Structure formats: structure tokens, C-alpha cells
Ligand code: AMP
């Protein structure tokens, strides 16, 4: 896949407010937060969107989900939070490097728009 702004963040070519990093995943604050806490968790492997993931990505996607839980806890989201993964343009995806939005710190309505 082609490079994205998240690829540049992974390579530290542009700054980001990183809250967690290991060999497989990175989590950083969203630059345009939609809730008091809005963190993005991404695999370092450049998967464009969930539809492009394969069985080879089983471990990294499981790791991403469990680290999202850890990041949410460390951010103090003890009263619930929402994980969102937009898959494709009509779902609202704008950056084509798979990512989980971790949103919390205010009541979140349902269904999302
Ligand atoms: P999506 O619309 O699901 O693709 O989400 C992309 C998210 O990336 C949006 O919430 C943007 O605000 C966020 N974003 C874009 N550029 C940056 C950046 N340089 N640092 C942090 N977040 C970003």
C-alpha cells in the first residue's frame, strides 16, 4: 500500500503525541479529537483497512485490540469507552492505514451517524 501520514508518524518523521508503543503497535492522540479522550491505535504493519487484513494478521490484530484496552485503562476511561474502526470511504475512513479510534470521557450516543 502507499505511504500515509500514519506511516510518517511510525517512522517519527512527523510528531505525534504518542501514549503507547511496542514492536507491533503504536497509539497516539487524535489531532482532531471527537471526545475528551480520543486516541488512535494502529498496527505498525501498513494494512490499509480491515478488508485488506489476512490470516497472517491474526496476531497483530489481536494484539491491537488488547493494547487498546490497556491504553483506555491508562487514559482513565473507567466508565466505558468506544472502539471504532472505519473501513472504507463510505464508512468515513480518511487515512488508509488501519486504525482503531478509542473514544471516551463523555456520554456517547448510539447509533453513530
Ligand atoms: P478515519 O476518518 O477513521 O480514517 O480517521 C482518521 C483520523 O486520523 C481522524 O480522526 C484524524 O483526526 C486523525 N489524524 C489525521 N492526521 C493526524 C495526525 N497527524 N496526528 C493525529 N491524528 C491524525
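Just so you know, all these numbers are worked out from the coordinates, no wet-lab data involved. All of these numbers come straight from a predicted model, not from anything done at the bench. Heads up, the Cβs are rebuilt from the backbone with ideal geometry, glycines too, and the neighbour counts pull from every protein chain shown.
The table that follows gives values for the structure above.
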{"item": "Kirkwood hydrodynamic radius of region 47-113, from inverse mean 1/r over distinct Cα pairs, in Å", "result": "13.2 Å"}
{"item": "Taking 97, 38 and counting other C-beta atoms within 10 Å, the order from fewest to most", "result": "38, 97"}
{"item": "Value at 222 nm in deg cm²/dmol, rounded to 500, when DSSP H runs of n ≥ 4 in the chain each add -39,500 (n - 2.57)", "result": "-6000 deg cm²/dmol"}
{"item": "Most fluctuating residue given options 12, 44, 67, as computed from a GNM of the chain linking Cα atoms under 10 Å", "result": "12"}
{"item": "Ranked 108, 66, criterion: other C-beta atoms within 10 Å, fewest first", "result": "66, 108"}
{"item": "The chain - percent relative contact order, Cα under 8 Å, separation 6 or more", "result": "30 percent"}
{"item": "Region 1-82: Rg to Rh, with Rh as the Kirkwood radius over Cα pairs", "result": "0.96"}
{"item": "Normalised convex hull volume, region 2-49, alpha-carbon set, Å³ per residue", "result": "82 Å³"}
{"item": "Spin-label model distance (nm) - residue 70 vs residue 87, 7 Å beyond Cα toward Cβ", "result": "2.5 nm"}
{"item": "Nearest-ten-degree value, helix 58-74 long axis tilted from longest Cα axis of the chain", "result": "30 degrees"}
